[in-house]
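Reading through the structure tokens given below for one structure.
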Amino acid sequence: MSLFHRDNDIHCKLMAEYPEVPEWWYTILFIISFIAACIVCYLAKFMSWYYLFLVIPIAFIYILPAGIVVANTNQFIDTNILIDFIGGILLLGNPIGFATFKAYDFMTHYQTLNLLLYLKLSHYMKIPPRAMFLTIIIGTIFCSVCSYSIANYLFTTIPNICTNVNQKWSCAQTHYSFSLAILWGAIGPTKIFGKNGLYSSLLWFFLIGGIVPVLFWMATQKYPKIKWFKYVHFPLMCYVAALVPVSVPAGIILSWLIIGFIFNSIIRRWW
């Protein structure tokens, strides 16, 4: 939203000429969306509707820290692993319910951050907030209808779609989502990461991930003259490391590092 009292900011001064989006617009939109989600879960039997009272607050709580990371680094760190554990424990034996649980968390989180991104863009492009809000809502509804219609058309007209028989329409992302639902929803996290699980030792990284950033923050406060301490961002480093492609020649990773250093260090300082 525009800030009316930031007299020293030219963007805020210009945007103050436009009326803001009333808070009750967002409230009504949330209530309608939440009720619709409850009805869909109840009628379609995807997931017990009362789980929405858990998954939606989790997404909202994570929006602020994730939004800060996105605003500073342009990297979207989601709640996938956390939701996988929670959904896998609560909905064990129900892969469809797990997939629904995960979808509501991810899309709530992702769409909220996208809304903030578009509102920020409209702030600097001097687009009226109400016009941007309505554009986003109408565009979301239109795209949802189009996506469902196209998917339904493809499944009814293309033989053997999403099977090994039809290699042109293999639906790799769909198979990936299906594998996740089976892994977390049918097998469950306790058999994989539990006390006797094959990957139980990986749970220590939750503790490590919580301690290491605090240690570097404390080091930054104690040794303010060491400038590079404040640039160490372990959550971001681990997230980006997970994006490194596997089973590729080493030259690709080296090229990635060189290009990143040139643009994010040399050119950024020169520009």
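The values are calculated or read from the model by the stated rules, or taken from the named source; none is laboratory data. Computed from a predicted model, the values in this text were never measured in an experiment. When we count neighbours, we look across all protein chains shown, and the Cβ atoms used for this are built from the backbone with ideal geometry, even at glycine.
Filtering LYS102, LYS126, LYS120 for residues that are under 24 Å from PHE193 (Cα atoms) and of a type in the set (Lys, Arg) leaves a single hit, LYS102. Looking across LYS13, LYS102, one residue alone is farther than 30 Å from LEU202 by Cα and basic (Lys, Arg). It is LYS13.
Kindly indicate whether ASP78 is over 15 Å from MET47 (Cα atoms) and acidic (Asp, Glu). Against the criterion (over 15 Å from MET47 (Cα atoms) and acidic (Asp, Glu)), ASP78 qualifies.
Does the range 137-149 contain at least one residue that is among the small types (Gly, Ala, Ser), more than 27 Å from GLY185 (Cα to Cα) and either free of Cβ contacts under 8 Å to residues at least 12 places away in the same chain or not assigned by TED's automatic domain parsing to the domain that holds ILE187 (or both)?
Going residue by residue through the range 137-149, those that are among the small types (Gly, Ala, Ser) are 139, 144, 147, 149.
Those left that are additionally more than 27 Å from GLY185 (Cα to Cα): 139, 149.
Adding the requirement that they be either free of Cβ contacts under 8 Å to residues at least 12 places away in the same chain or not assigned by TED's automatic domain parsing to the domain that holds ILE187 (or both) leaves 139, 149.
Scanning the range 137-149 turns up at least one residue that is among the small types (Gly, Ala, Ser), more than 27 Å from GLY185 (Cα to Cα) and either free of Cβ contacts under 8 Å to residues at least 12 places away in the same chain or not assigned by TED's automatic domain parsing to the domain that holds ILE187 (or both).
Yes/no matrix, rows are residues, columns are (1) under 29 Å from ALA242 (Cα atoms); (2) aromatic (Phe, Trp, Tyr):
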residue	(1), (2)
TYR42	no, yes
ILE68	yes, no
LEU90	yes, no
TYR110	yes, yes
THR140	no, no
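The condition of being buried (at least 20 other Cβ atoms within 10 Å of the Cβ), assigned to a helix (DSSP H, G or I) and among the aromatic types (Phe, Trp, Tyr) holds for only one of TYR104, TYR124, that being TYR104. Within the range 152-160, does at least one residue satisfy the condition of being within 28 Å of PHE85 (Cα to Cα), in contact (Cβ under 8 Å) with a residue 12 or more places away in the chain and surrounded by 10 or more Cβ atoms within 10 Å (Cβ to Cβ)? No. When restricted to residues that are of a type in the set (A, V, I, L, M) and on the phi > 0 side of the Ramachandran plot, the range 57-101 contains 0. Within the range 113-128, at least one residue is at pLDDT below 90 and basic (Lys, Arg).
Yes or no, residue by residue, for (1) touching a Cys at 6+ places or on another chain (Cβ under 9 Å); (2) modelled with pLDDT under 80; (3) under 30 Å from THR79 (Cβ atoms); (4) surrounded by 11 or more Cβ atoms within 10 Å (Cβ to Cβ):
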{"residue": "TYR231", "(1), (2), (3), (4)": "no, no, yes, no"}
{"residue": "VAL246", "(1), (2), (3), (4)": "no, yes, yes, no"}
{"residue": "PRO249", "(1), (2), (3), (4)": "no, yes, no, no"}
{"residue": "ILE253", "(1), (2), (3), (4)": "no, yes, yes, yes"}
{"residue": "GLY260", "(1), (2), (3), (4)": "no, no, yes, yes"}
{"residue": "ILE266", "(1), (2), (3), (4)": "no, no, no, no"}
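Among the residues making up the range 178-229, a single one is within 30 Å of CYS162 (Cα to Cα) and more than 25 Å from the chain's Cα centre (by Cα): LYS191.
Evaluate the following for ILE10: is it surrounded by 14 or more Cβ atoms within 10 Å (Cβ to Cβ) and more than 22 Å from LEU134 (Cα to Cα)? Before you say what the answer is, go through the steps one by one.
Values: surrounded by 14 or more Cβ atoms within 10 Å (Cβ to Cβ): no; more than 22 Å from LEU134 (Cα to Cα): yes.
For ILE10, the condition - surrounded by 14 or more Cβ atoms within 10 Å (Cβ to Cβ) and more than 22 Å from LEU134 (Cα to Cα) - is not met.
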